[in-house]
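*Asks:* First the structure, which I've put down as structure tokens, then a few questions once you've had a look.
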Amino acid sequence: EFRFSSAKMIQDLARYGIHQNKTYDVVFPKELDSKYYPGFIAGVISGDGCIDIKKNRKGSTLRCTIAGNLDLVQNIHSILAKEIGVNTDKKLFKYEHTAQLYRLELNQTETIALYNWLQKNGISLMERKNKMIEEFLNERVKIPA
């Protein structure tokens, strides 16, 4: 955790959109060229997303959750529908503890498609999240001896 006590440093960072609780007010940049979508979305997932492996009796399921305000999540949903085939009817969920936070939940097929799309564009998630996906995929393709 980083803390800044310098008022000037805090003001300088704020000029570049770096501040506390960014999750609630980051909007999708309307002028962003589509070639930067993979990098932007990877940044959102790395900062405010979750890669999760759910284990049950039948095995494991890979999922991705993307959190943010409604504008951000709707725009990402729209892009992922076009780029990787995320279901356009997929419901956005509102977090109960806050009036402003929503999430988009990707199933296993969509999460793998997202990972492949990012890789195809030369983009990675943060190392820990990438590693989780890669280990899951490697485990799935192991051939029993």
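*Asks:* From the residues in segment 77-105 that are of a type in the set (Ser, Thr, Tyr) and modelled with pLDDT of 90 or more, which one is surrounded by the most Cβ atoms within 10 Å (Cβ to Cβ)? Before you say what the answer is, go through the steps one by one.
*Replies:* Taking segment 77-105 and keeping what is of a type in the set (Ser, Thr, Tyr), we get 78, 88, 95, 98, 102.
Adding the requirement that they be modelled with pLDDT of 90 or more leaves 78, 102.
On the way: 78: 13, 102: 19.
Selected residue: 102.
*Asks:* Among residues belonging to segment 59-82 that are part of a strand (DSSP E or B) and in contact with a helix residue (DSSP H, G or I) (Cβ under 8 Å, 6 or more places away or on another chain), point out the one that is nearest to residue 100 (Cα to Cα). Lay out the reasoning, then the answer.
*Replies:* Taking segment 59-82 as the starting set, the residues that turn out to be part of a strand (DSSP E or B) are 59-68.
Among the residues that remain, those that are also in contact with a helix residue (DSSP H, G or I) (Cβ under 8 Å, 6 or more places away or on another chain) are: 60-64, 66-68.
Values: 60: 31, 61: 28, 62: 26, 63: 23, 64: 20, 66: 14, 67: 10, 68: 8 Å.
Checked segment 59-82; the qualifying residue nearest to residue 100 (Cα to Cα) is 68.
*Asks:* Regarding residue 110, is this residue modelled with pLDDT under 95 and farther than 21 Å from residue 27 by Cβ?
*Replies:* no
*Asks:* Turning to a different aspect of this structure: Could you check segment 102-145 and list, in sequence order, the residues that are assigned to a loop (DSSP other than H, G, I, E, B) and over 14 Å from the mean Cα position of the chain (by Cα)? Even if it seems obvious, please write down each step before you answer.
*Replies:* Initial filter on segment 102-145 (assigned to a loop (DSSP other than H, G, I, E, B)): 107, 121-126, 141-145.
Hits for segment 102-145 are 121, 122, 141, 142, 143, 144, 145.
*Asks:* Only one of these is of a type in the set (S, T, N, Q) and in contact with a Cys (Cβ under 7 Å, 6 or more places away or on another chain): 109, 65, 61, 88. Name it.
*Replies:* It is 65.
The values are calculated or read from the model by the stated rules, or taken from the named source; none is laboratory data. Since the model is a prediction, treat every value here as computed from it, not as a measurement. Ideal geometry is used to build each Cβ from the backbone, glycine not excepted, and the neighbour counts take in all protein chains shown.
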